[in-house]
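Peer 1: Dropping the structure in here first, questions after.
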Amino acid sequence: MSDTPTVAVFRPDDDRSADSVALLEELGADPVPDPMLAVEATDATPRTDAEYVILTSKTGAELVSDAGWDPGETTVCAIGSATADALRDEGYAVDIVPEQFTSSGLVARLEGEVDGARVEVARSDHGSEVLLDGLEAAGAYVHETILYRLVRPEGTGESAEFAAAGELEAVCFTSSLTVEHFLEAAAERGLREAALEGLAEATVGVIGSPTAETAESMEIDVDVVPDEATFDALARATLEAVRTTPK
């Protein structure tokens, strides 16, 4: 392994990518930013008759703020600390953040109090069914509003070139969709199998069990799933694995 491991990161081409690159550089890595997600806003806003409104991302927080959403007396729930911070930055009070920053963690936090309640889930078009199914099983009346769609930007795939050439020492997948889009971009370049071979020699870090399951279903062996579902935790755990577990 080189002293400065090469690490691919797939976050959207905004401050999230910039922050991720800065963190990886601070941790002594050579980042390969290859944004696999872009946001297409729908201009929808959360319905106003819900007793609970759940936001699941920084993007969602910013979009509802831009649209002038007023939660009124609604109980505002954030799926994790990053979403909660983004909501607070936009001037919203956050009432509930689960201990485990996942869909199942939020269901566990809410299931004892939402029986018979109207719950609005405002998120992207690629949200996990775990959240909806879990809340419905808890007796809630659940409605989903799609705030934005997640698409793959044109021209992505530089990381697939690195992987196919055996030049990636690690990757940090932050959602199932980043895994799917990485392989789509690799296939467009005629590199899918070579990229998979490259990943087999690299350290693969992912956020959350759903992302791990997606990767495994696509023949990618996962090496790292951090306890905390944040990019900071993912980057640190992945680089620790790169430096302590020879491939």
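Peer 1: Counting only residues that are in contact with a helix residue (DSSP H, G or I) (Cβ under 8 Å, 6 or more places away or on another chain) and in a helix (DSSP H, G or I), which one in segment 20-52 is surrounded by the fewest Cβ atoms within 10 Å (Cβ to Cβ)?
Peer 2: Leu23
Peer 1: Which members of segment 64-80 meet the condition of being closer than 14 Å to Leu147 by Cα, of a type in the set (A, V, I, L, M) and either touching an Asp or Glu at 6+ places or on another chain (Cβ under 7 Å) or open to solvent by 40 Å² or more (accessible area, probe 1.4 Å) (or both)?
Peer 2: Ala67
Peer 1: Which one is farthest from Ala164 (Cα to Cα), of the residues in segment 207-236 that are over 15 Å from the mean Cα position of the chain (by Cα) and in a helix (DSSP H, G or I)?
Peer 2: Arg236
Peer 1: Please enumerate the residues belonging to segment 81-102 that are touching a Pro at 6+ places or on another chain (Cβ under 9 Å) and either free of Cβ contacts under 8 Å to residues at least 60 places away in the same chain or more than 22 Å from Asp232 (Cβ to Cβ) (or both).
Peer 2: Within segment 81-102, Tyr92, Ala93 qualify.
Peer 1: Identify, please: which residue in segment 1-11 is modelled with pLDDT of 90 or more and surrounded by fewer than 22 Cβ atoms within 10 Å (Cβ to Cβ) and is, among those, farthest from the chain's Cα centre (by Cα)?
Peer 2: The residue in question is Thr4.
Rundown of residues vs (1) part of a strand (DSSP E or B); (2) surrounded by 16 or more Cβ atoms within 10 Å (Cβ to Cβ); (3) modelled with pLDDT under 95, yes/no style:
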position	(1), (2), (3)
Glu99	no, no, yes
Ser104	no, yes, yes
Arg109	no, yes, no
Glu113	no, no, no
Glu120	yes, yes, no
His126	no, no, yes
Leu132	no, yes, no
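Peer 1: Which is hydroxyl-bearing (Ser, Thr, Tyr), crowded, with 17+ Cβ neighbours inside 10 Å and part of a helix (DSSP H, G or I), of Thr145, Thr83?
Peer 2: It is Thr83.
The values are calculated or read from the model by the stated rules, or taken from the named source; none is laboratory data. Note that this is a predicted model, so its numbers are computed, not measured. As a convention, Cβ positions derive from the backbone with ideal geometry for all residues, glycine included, and neighbour counts pool all protein chains shown. Just so you know, the surface numbers come from the protein's heavy atoms only, side chains and all, with ligands and any DNA or RNA stripped out. Shrake-Rupley method; radii C 1.70, N 1.55, O 1.52, S 1.80 Å.
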